[in-house]
Amino acid sequence: MEPSPEVLVEQRGATLEVSFNRPDRKNAINLAMYRSLTAALLRAKQDATTRSVLIYGQGGIFTSGNDLNDFANASNLQDENNPIVIFMQALLSFPKPVVVAVEGVAVGIGTTLLLHCDLAYGHTDARFALPFVKLGLCPEYASSYLIPRIAGAAKASEWLLLGEEFSAQEAKEGNLINSVEAAPLAKARAACDKLALLPPAAVRQSKALLKQTTSDNVQRVIDTEIALFAKALSQPEFAEAVGAFFEKRKPDFSHFE
Ligand SMILES: C/C=C/C(=O)SCCNC(=O)CCNC(=O)[C@H](O)C(C)(C)COP(=O)(O)OP(=O)(O)OC[C@H]1O[C@@H](n2cnc3c(N)ncnc32)[C@H](O)[C@@H]1OP(=O)(O)O
């Protein structure tokens, strides 16, 4: 399958740099992009000279999350061949460090993927959002399990129930990112360069240890969430939310029970 031009993949020394490249859609991730992201992870996993992966977004935007048109076309999320599910699993089990630089917006999976990466740096003006409830959906990618644990129950309820944007400073205070930076991509590249000089087996083993105590629960929660999320995609609350987004109007949930 042809790689998507909307995901750029570039080897920079021992780092495979992968960037979202669909700025006119705020780097919304479509199915072809998920396939390219997964292929890039596989390439980085198999290449012994690659020591880390760096993910960022072109055009000063990280990503507005899943392409809402793909959801509106009801892609089957419970099919194990679904590109979104395959990507989630590929990142979850990726053995080498993944470093992220967030500029602009990081929405939906743009924020939840951070939970499965290893180091993340956010621009001073970066904005994060988990708008699942606002969309008539529910949390995904184990965010309902991991966010209360990293950020605390109160912050998790605020981020996941209200679904409003929050700042890089708040993301840092909630342990979603490592630091707030004027130049997060440069910071992320510097971290990758440091990782490249470290003993690779020790890095991989330590990453595996850091993930192992939660991995069974994470997988269980991902499965539970995805079943509920897939069901919600066919419900009228989602139809109203996504209709309102594309029609550029406020959604009206007043008549729903
Ligand atoms: C498993 C994964 C789950 C998830 O990821 S769920 C989360 C899904 N994502 C969202 O709900 C975010 C939707 N997008 C937004 O809320 C806003 O955008 C932003 C806050 C990210 C940016 O707002 P602004 O700067 O005002 O840009 P704009 O005019 O809304 O967007 C520019 C063009 O990009 C299209 N677009 C933006 N995000 C998406 C998307 N996620 N899916 C499909 N299209 C998107 C718009 O419609 C518009 O298009 P046009 O220029 O034709 O009006």
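The values are calculated or read from the model by the stated rules, or taken from the named source; none is laboratory data. The model shown is predicted, which means the values in this text are computed figures rather than measured ones. In this analysis, Cβ positions are derived from the backbone assuming ideal geometry, glycine residues included, and neighbour counts consider all displayed protein chains. All accessible areas refer to the heavy atoms of the entire protein, side chains included, with ligands and DNA or RNA removed. Shrake-Rupley method; radii C 1.70, N 1.55, O 1.52, S 1.80 Å.
Residue by residue, here is whether (1) more than 20 Å from V242 (Cβ to Cβ); (2) not aliphatic (A, V, I, L, M) holds:
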position	(1), (2)
E103	yes, yes
A106	no, no
T111	no, yes
T124	yes, yes
F128	yes, yes
G136	no, yes
I147	yes, no
A151	yes, no
L161	no, no
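Given the options T49, T38, name the one that is away from the ligand (no atom under 16 Å from the Cβ), of a type in the set (S, T, Y) and modelled with pLDDT of 95 or more.
Of T49, T38, the one residue that is away from the ligand (no atom under 16 Å from the Cβ), of a type in the set (S, T, Y) and modelled with pLDDT of 95 or more is T49.
All but one of (1) open to solvent by 30 Å² or more (accessible area, probe 1.4 Å); (2) in a helix (DSSP H, G or I) hold for A48; state the number of the condition that does not hold.
Every condition holds for A48 apart from (2).
Identify the single condition in (1) more than 16 Å from the ligand (Cβ to nearest atom); (2) among the charged types (D, E, K, R); (3) within 18 Å of the chain's Cα centre (by Cα) that E225 does not satisfy, given that it satisfies every other one.
(1)
Scan the stretch 83-142 residue by residue and report those that are outside any strand (DSSP E or B), more than 10 Å from the ligand (Cβ to nearest atom) and β-branched (V, I, T).
I86, T124, V133
Would you pick out the residues in the stretch 89-104 that are buried (at least 23 other Cβ atoms within 10 Å of the Cβ) and either of a type in the set (F, W, Y) or over 22 Å from C192 (Cα atoms) (or both)?
Answer for the stretch 89-104, where residues must be buried (at least 23 other Cβ atoms within 10 Å of the Cβ) and either of a type in the set (F, W, Y) or over 22 Å from C192 (Cα atoms) (or both): there is none.
Considering only the stretch 238-253, I want to know if a residue exists there that is surrounded by 12 or more Cβ atoms within 10 Å (Cβ to Cβ) and more than 15 Å from the ligand (Cβ to nearest atom).
So far as the stretch 238-253 goes, yes, one or more of its residues are surrounded by 12 or more Cβ atoms within 10 Å (Cβ to Cβ) and more than 15 Å from the ligand (Cβ to nearest atom).
Would you check which residues across the stretch 4-35 are more than 16 Å from the ligand (Cβ to nearest atom) and farther than 17 Å from K194 by Cα and list them?
Listed by number, the residues that qualify are P5, L8, V9, E10, V18, S19.
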